[in-house]
1. Hey, does segment 110-121 have a residue that's acidic (D, E), surrounded by fewer than 18 Cβ atoms within 10 Å (Cβ to Cβ) and at pLDDT 95 or above?
2. Assess whether D32 counts as being in contact (Cβ under 8 Å) with a residue 60 or more places away in the chain, surrounded by 13 or more Cβ atoms within 10 Å (Cβ to Cβ) and not polar (S, T, N, Q).
3. Assess whether G177 counts as being over 30 Å from G13 (Cβ atoms), surrounded by fewer than 21 Cβ atoms within 10 Å (Cβ to Cβ) and at pLDDT below 90.
4. Can you name the helices (runs of 4 or more DSSP H) wholly within segment 95-172 that have at least 1 residues being of a type outside the set (V, I, T) and touching a strand residue (DSSP E or B) at 6+ places or on another chain (Cβ under 6 Å)?
5. Filter segment 188-229 down to the residues that are part of a helix (DSSP H, G or I) and either touching a Gly at 6+ places or on another chain (Cβ under 7 Å) or surrounded by 22 or more Cβ atoms within 10 Å (Cβ to Cβ) (or both) and list them by number.
6. Among the numbered criteria (1) at pLDDT 95 or above; (2) surrounded by 14 or more Cβ atoms within 10 Å (Cβ to Cβ); (3) not in a strand (DSSP E or B), which one does K86 miss?
7. Please work out which one of (1) more than 30 Å from L226 (Cβ to Cβ); (2) touching a Leu at 6+ places or on another chain (Cβ under 8 Å); (3) free of Cβ contacts under 8 Å to residues at least 24 places away in the same chain is the condition T127 fails and give its number.
8. Which of the residues spanning segment 135-152 are under 29 Å from L54 (Cβ atoms) and either without any contact (Cβ under 8 Å) to a residue 24 or more places away in the chain or hydrophobic (A, V, I, L, M, F, W, C) (or both)?
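The values are calculated or read from the model by the stated rules, or taken from the named source; none is laboratory data. Note that the structure is a prediction, hence the values are computed from the model and not measured. Glycine gets a Cβ as well: all are built from the backbone with ideal geometry, and neighbour counts include every protein chain shown.
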Amino acid sequence: MSQTTEVLYEIKGLTKSYNQKGKNVVALADVDLTIHVGDLISIQGPTGGGKSTLLQMLGGLDKPTSGSISLSGDNLENMSENELAKTRSHKVGFIFQTFNLIPTLTALENVETALVPLGISSTDRRTRSLAALESVGLADRASHLPSELSGGQQQRVAIARALVKNPQVLLADEPTGNLDEETRDQIMEILEELWRNKGLTLIMVTHDSNVAKRAKRNLNIANGRLSAR
């Protein structure tokens, strides 16, 4: 799929600072950014440069010190924690480097956890979760625990969990960071196919230039400041 003119995120003057051991640390400094529906974006930069902080802001996991960030016209910085949780549940899918699967739940049950906040019946949760696992080629592993799956399979379960609620945007923080090159390429092919077929906006933080070059738009953050690559 290609980017449209429809704006998904509008970010203006976004600044985030922390007090760390009595010292003011600026993680993001006056960031302006527009993200359109259907964008496929990579974000690179040095460790501590602000990449993950920006991703947390996009996902409503943290609030800015100043500036504004809107998702589909709704200002995230003005939302209550309950409103942010609802927005995350409906609009945002997350994928992490460490998979973040619950070890005591099967692949299917892990995917179903994303639907619990939406108040969907158990039958519909199971149907949708099986379909999500099918979309990443793991329907035959639905009853397996994470410990019974390879790293690549665990990440595919995590992708299915992120996608099962049909989010507007998929935020991936080093989605291939713990994987070998062959598995990395397989995961990226899955993400690209899902991006094309589902109308997703995909935003990835990555240290891997081979992953970044697959994006249609490349950004860099260093010392909290954003630039195009």
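1. From segment 110-121, those acidic (D, E) are 112; that's our starting set.
Adding the requirement that they be surrounded by fewer than 18 Cβ atoms within 10 Å (Cβ to Cβ) leaves none.
Looking through segment 110-121, none of the residues is acidic (D, E), surrounded by fewer than 18 Cβ atoms within 10 Å (Cβ to Cβ) and at pLDDT 95 or above.
2. no
3. Taking the combined requirement at face value, the residue satisfies it.
4. 151-163
5. Those that are part of a helix (DSSP H, G or I) and either touching a Gly at 6+ places or on another chain (Cβ under 7 Å) or surrounded by 22 or more Cβ atoms within 10 Å (Cβ to Cβ) (or both): L191, V211.
6. (1)
7. (2)
8. Hit for segment 135-152 is V136, nothing else.
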